[in-house]
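The values are calculated or read from the model by the stated rules, or taken from the named source; none is laboratory data. Here the structure is a predicted model, which is why all the values come from computation and not from measurement. Quick reminder, even Gly has a Cβ in these numbers, built from the backbone with ideal geometry, and neighbours come from all protein chains shown.
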Amino acid sequence: MKKSVFYEIKGEKIERKNPSCPRCGSGVFLANHKDRYSCGRCGYTLFKQAEKKK
């Protein structure tokens, strides 16, 4: 996968699109799934908050 997919340029700053893994460090991104973020290296999972429907 291209590294440019994980970053976004805003003005003169470069920002990450996905969060990084708190266990592995800032160099490892969490994969973006429909209902969660997960680390492919250590297995850490961060669930997304469910949106409230009216």
List every residue pair whose Cβ atoms sit under 9 Å apart, with the two residues 6 or more apart in sequence or on different chains, where the first one lies in the stretch 16-45 and is within 11 Å of F6 (Cα to Cα) and surrounded by 15 or more Cβ atoms within 10 Å (Cβ to Cβ) and the second, anywhere, is acidic (D, E) and modelled with pLDDT of 90 or more. none
Select from the stretch 10-32 the residues that are out of contact with any strand residue (DSSP E or B) (no Cβ under 8 Å at 6 or more places or on another chain) and in a strand (DSSP E or B) and write down the one among them that is nearest to T45 (Cα to Cα). N32
